[in-house]
Amino acid sequence: EAGVAQSPRYKIIEKRQSVAFWCNPISGHATLYWYQQILGQGPKLLIQFQNNGVVDDSQLPKDRFSAERLKGVDSTLKIQPAKLEDSAVYLCASSRGLEFDGYTFGSGTRLTVV
Amino acid sequence: KQEVTQIPAALSVPEGENLVLNCSFTDSAIYNLQWFRQDPGKGLTSLLLIQSSQREQTSGRLNASLDKSSGRSTLYIAASQPGDSATYLCAVRAGSARQLTFGSGTQLTVLP
């Protein structure tokens, strides 16, 4: 089966600019997650979707971050305006949604804010 | 709130050694535990998935154990190779939203 697709692979922007990341999960996976991984740390959950609804966005900085999953398939994560501390790898993952399922991660987007 | 800790943070071993990576978690009410490998600048590759009802899983030279009652898991790597050099992350799936919570990882270097 095809894996989780993410784009772009790398992005460099200046602070206060906006940026968007795209994710296409594995076909049939109902649950989609966006994680932020700062260098030297483990990934931290930003938002979880079940189909096209938000399950948990409690750790999403909503003043600057937004995400959507229209039609319950692919998803977009946006940052506007970006700050220096947003420099990180943004990882998308999907699972079938059942509690015994594992997650499959994409290759991630490395964001550098200068 | 679930917290996951991995010890050591970094490990360097000569090629051929057997080694153990440790993971501990605070809340034993988990669905499963997953070990991942991450190469520099890359995404996460799933290595082993252990369900809460299981004690261990094996894949090639890798063996992962789970002791849910004590909140611990270990990843055993036999006959380590330089190609095993990477960061190894442990994550537990728990909670009503069934989310993965990660440790900070163990950075492994296998010296030729």
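Bear in mind that the values in this text are calculations on the coordinates, not laboratory data. Predicted, not measured: the structure shown is a model, and the values here were computed from it. Every residue, glycine among them, receives a Cβ derived from its backbone with ideal geometry; neighbour counts consider all protein chains shown.
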*Would you calculate the separation in nanometres between label points at B:Asp39 and B:Glu56, each defined as 7 Å from the Cα along the Cα-to-beta-carbon direction?*
2.8 nm
*For the protein assembly as shown, just run the numbers: alpha carbon Rg, then divide by 2.2 N^0.38 Å, N being how many residues it has.*
1.01
*What is the distance in Å between the Cα centres of the stretch B:87-103 and the stretch A:48-68?*
18 Å
*Counting other Cβ atoms within 10 Å of each Cβ, which GluC sites (Glu not before Pro) in the stretch B:5-112 have at most 10 and sit in a DSSP loop?*
none
*Restraint check, A:Lys83/B:Lys1; A:Lys15/B:Lys42; B:Lys1/B:Lys68, Cα-Cα greater than 22 Å*: A:Lys83/B:Lys1; A:Lys15/B:Lys42
_In chain B, once you exclude exposed trypsin sites (Lys or Arg not before Pro) (DSSP loop, at most 12 other Cβ within 10 angstrom), what's the longest stretch remaining?_
B:56-112
_Extent along principal axes [Cα atoms of the stretch B:23-112; Å; largest to smallest]_ = 43, 26, 18
*Return the average number of partner chain Cβ atoms within 10 angstrom of each residue Cβ along peptide B:14-25.*
0
*Cα-centre dipole for chain A with unit charges at Cβ (Lys and Arg positive, Asp and Glu negative), debye to 20*: 400 debye
*What is the log10 of I(q)/I(0) for the stretch B:1-58, computed with the Debye formula using one identical point scatterer on each Cα and no solvent, at q = 0.15 Å⁻¹?*
-0.60
_Please compute the average number of Cβ atoms from other chains found within 10 Å of each residue's Cβ in peptide A:37-43._
6
